[in-house]
Structure formats: structure tokens, C-alpha cells
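What follows is a set of notes on a single structure, which appears directly below.
The values are calculated or read from the model by the stated rules, or taken from the named source; none is laboratory data. This one's a predicted model, so the numbers in the text were calculated from it and none came from an experiment. Here the Cβ is made from the backbone with ideal geometry for all residues, glycine too, and neighbour counts use every protein chain on show. Calculation scope for accessible area: heavy atoms of the full protein, side chains included, ligands and nucleic acids excluded. Shrake-Rupley method; radii C 1.70, N 1.55, O 1.52, S 1.80 Å.
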Amino acid sequence: MVIVASALALGFGGTAAIQKPVVKACSLLTKDLALKVTSAPNTKVFDLMPPEEETVGAGSACEYGDIRIQLDAFDAAKLDQIVKADQTWTAVPGVGSRAWFHNNKNRYAELMAVTGTHTLLIQMGVPIGGTAEGIKPKAITLANALLQKLK
């Protein structure tokens with residue numbers, strides 16, 4: 001699964017402008033939290049496959065079941081550029097200092113957020129017959145839980 005495929009397709013790679021300790025994304029995306037927000041039809045995947053962590057830019061990514069998160073892979077200015085370049089991102093009030101949601105062809109629900117010195121990107125799989133809009137409340141719940149841990 002590739003996070004924010006639409007953003008990457010636009011060529012907005014990048015790293016955080018301020019060097020800071022890398023927060024390990026998988027340390028934040030616990031099994032309990034993933035199970036709370038997943039839309040996976042079979043949650044046994046969380047028992048069978050451990051989370052996978054990787055370095056992304058100056059940050060970290062974690063893929064766990066149908067959820068992928070990236071912390072500090074992009075800086076806030078890059079997220080702002082993505083939103084300006086692709087008007088399909090919609091503002092999400094009440095998440096971080098600013099956040100946006102995107103329907104990636106009902107394959108993935110995507111959410112980007114900025115808080116303090118951190119950026120967060122979330123991609124959650126949409127089950128067959130579902131919609132990204134239907135996953136949006138879970139993506140918001142996940143974003144708020146993760147951002148709370150970053151304080």
C-alpha cells in the first residue's frame with residue numbers, strides 16, 4: 001500500500017525541514033488502536049502479520065493490516081502544496097492545527113494532518129462495497145488518537 005498516492009504522483013516528496021528525533025510510527029499504531037479503527041473484514045490479520053516499519057524521508061512509516069501511517073515524511077509546507085495542487089482534498093476541522101481528507105477512488109481513505117512540529121498521513125483501506133466517506137470517521141478517530149500521543 002502506498003500512502004497518499006495522489007500526493008506522490010504530483011511529485012511532492014520531501015522531508016521535514018527541522019531535524020528532530022524520528023518517532024517510530026509503529027510505536028504509536030498499537031494493535032488495540034488498529035483494531036478500534038480497522039475496516040478489515042477479517043481482523044485476524046493483526047495476529048498473523050506484525051506491523052512493518054520503514055524509514056520514509058526524515059520520518060517513519062508503519063503498515064499494519066489495512067492501515068498505513070507516515071510521521072514526518074513530509075513537512076507542513078509540502079502538505080499545504082499538495083492541497084493547493086489537488087483540490088479534491090477537503091478540510092477536516094478539529095484534527096491537529098489543520099487536516100484534510102481525500103477519497104482515493106474508494107480504494108483508500110486518506111487523511112493528512114499537521115500539529116506542532118509533526119505531520120501525519122494516514123491511509124486506510126476501503127472494504128469491497130464500502131466508500132472512503134464511510135471510513136472517514138475512523139480515519140479521524142485514528143488521527144486524533146495518534147496526534148494525542150505526539151503531544
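Flag set for Ala73, criterion: part of a loop (DSSP other than H, G, I, E, B) and open to solvent by less than 50 Å² (accessible area, probe 1.4 Å).
Considered as a group, the residues in the stretch 46-64 that are of a type in the set (Asp, Glu) and under 15 Å from the mean Cα position of the chain (by Cα) include one that is nearest to Leu35 (Cα to Cα), and that residue is Glu63.
Suppose the filter is charged (D, E, K, R), assigned to a strand (DSSP E or B) and open to solvent by less than 50 Å² (accessible area, probe 1.4 Å); does Glu53 pass it? Steps first, answer last, please.
Values: charged (D, E, K, R): yes; assigned to a strand (DSSP E or B): yes; open to solvent by less than 50 Å² (accessible area, probe 1.4 Å): no.
Taking the combined requirement at face value, the residue does not satisfy it.
Within the stretch 57-77, being over 18 Å from Leu142 (Cβ atoms) and either of a type in the set (Lys, Arg) or out of contact with any Ser or Thr (no Cβ under 7 Å at 6 or more places or on another chain) (or both) holds for one residue alone: Ala77. Would you be able to say whether some residue in the stretch 78-101 is on the phi < 0 side of the Ramachandran plot, aromatic (Phe, Trp, Tyr), touching a His at 6+ places or on another chain (Cβ under 7 Å) and not in a strand (DSSP E or B)? Yes: the stretch 78-101 contains one or more residues that are on the phi < 0 side of the Ramachandran plot, aromatic (Phe, Trp, Tyr), touching a His at 6+ places or on another chain (Cβ under 7 Å) and not in a strand (DSSP E or B). Just give me the residues in the stretch 92-141 being open to solvent by less than 40 Å² (accessible area, probe 1.4 Å) and either hydroxyl-bearing (Ser, Thr, Tyr) or free of Cβ contacts under 8 Å to residues at least 24 places away in the same chain (or both), in sequence order. Trp100, Thr115, Thr119 - these are the residues of the stretch 92-141 that are open to solvent by less than 40 Å² (accessible area, probe 1.4 Å) and either hydroxyl-bearing (Ser, Thr, Tyr) or free of Cβ contacts under 8 Å to residues at least 24 places away in the same chain (or both).
Among the candidates Gln87, Gln81, which residue alone is modelled with pLDDT of 95 or more, within 25 Å of Glu133 (Cβ to Cβ) and either of a type in the set (S, T, N, Q) or touching a Lys or Arg at 6+ places or on another chain (Cβ under 6 Å) (or both)? Break it down stepwise before answering.
Numbers: Gln87 fails: modelled with pLDDT of 95 or more.
Within the list Gln87, Gln81, the selection yields Gln81.
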